[in-house]
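First up is the structure itself, then whatever we jot down about it.
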Amino acid sequence: MAQLSPAEAAFLEQRRLGHLATADAQARPHVVPVCFAVLADTLYVAIDEKPKRGAPTNLKRVRNVLANPRAAFVADVYDDLDWSRLGFVLIDGPARLVDDPDELTSALDRLRARYPQYATMALEDRPMLALDIAHVASWGALDEHVRR
């Protein structure tokens with residue numbers, strides 16, 4: 001497993017949105033914007049109660065992880081006027097559905113601490129995606145985007 005550097009971890013802590021890429025069994029990609037939290041060497045994404053088409057377990061990202069565990073995640077900063085301020089952290093590794101109750105509780109606690117909107121959502125009854133960090137790539141002025 002790969003470890004995030006302190007700069008990468010701090011950069012991700014300041015990002016509110018990232019993009020999760022999964023692929024189906026035929027390797028057709030699917031990318032969605034997601035809220036996320038990182039704990040140790042795993043990135044977590046809840047399937048929240050915002051309106052979705054169909055049952056949470058039938059979402060394309062969930063079906064993809066079950067069919068093909070290869071996944072990636074990116075969080076970035078873009079500044080149209082000053083390209084010296086661009087930066088991103090890209091993570092890839094195997095994705096899975098969380099089935100351990102203790103892991104689920106820890107991930108939910110972390111997500112709820114980051115996103116107050118999750119406080120009243122019944123996330124315990126929904127799938128939780130985990131991306132085990134196998135590789136990290138980053139680029140740009142990561143330190144510039146960390147509030148001190």
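Scanning region 34-49 for residues that are closer than 16 Å to PRO94 by Cβ and of a type outside the set (A, V, I, L, M, F, W, C), we see that the one that is farthest from the chain's Cα centre (by Cα) is ASP41. Of the candidates ALA107, ALA119, ALA95, ALA113, the single residue that is touching a helix residue (DSSP H, G or I) at 6+ places or on another chain (Cβ under 6 Å) and assigned to a helix (DSSP H, G or I) is ALA119. For region 1-13, the criterion of being at pLDDT 95 or above, farther than 19 Å from TYR118 by Cα, assigned to a strand (DSSP E or B) and acidic (Asp, Glu) is met by no residue.
Can you spot a residue in region 56-68 that is in a strand (DSSP E or B) and under 29 Å from SER5 (Cα atoms)? The answer is no, given that none of the residues of region 56-68 is in a strand (DSSP E or B) and under 29 Å from SER5 (Cα atoms). Taken over region 122-148, the criterion of being closer than 26 Å to GLY87 by Cα and either assigned to a helix (DSSP H, G or I) or among the basic types (Lys, Arg) (or both) is satisfied by LEU142, ASP143, GLU144, HIS145, ARG147, ARG148. Search region 110-125 for residues being surrounded by 13 or more Cβ atoms within 10 Å (Cβ to Cβ) and modelled with pLDDT of 95 or more, and hand back the single one that is farthest from GLU13 (Cα to Cα). Of everything passing the filter in region 110-125, ARG112 is farthest from GLU13 (Cα to Cα). Within region 16-26, restricting attention to residues that are touching a residue at least 12 places away in the same chain (Cβ under 8 Å) and either exposed (fewer than 10 other Cβ atoms within 10 Å of the Cβ) or touching a Phe, Trp or Tyr at 6+ places or on another chain (Cβ under 9 Å) (or both), the residue that is farthest from PHE73 (Cα to Cα) is ARG16. Against the conditions (1) within 15 Å of ILE133 (Cβ to Cβ); (2) without any contact (Cβ under 8 Å) to a residue 40 or more places away in the chain; (3) touching a His at 6+ places or on another chain (Cβ under 7 Å); (4) not basic (Lys, Arg), VAL74 satisfies every one except (2).
The values are calculated or read from the model by the stated rules, or taken from the named source; none is laboratory data. Because the structure is predicted, anything quoted here is derived from the model rather than measured. Positions of Cβ are backbone-derived with ideal geometry, glycine not excepted, and every protein chain shown enters the neighbour counts.
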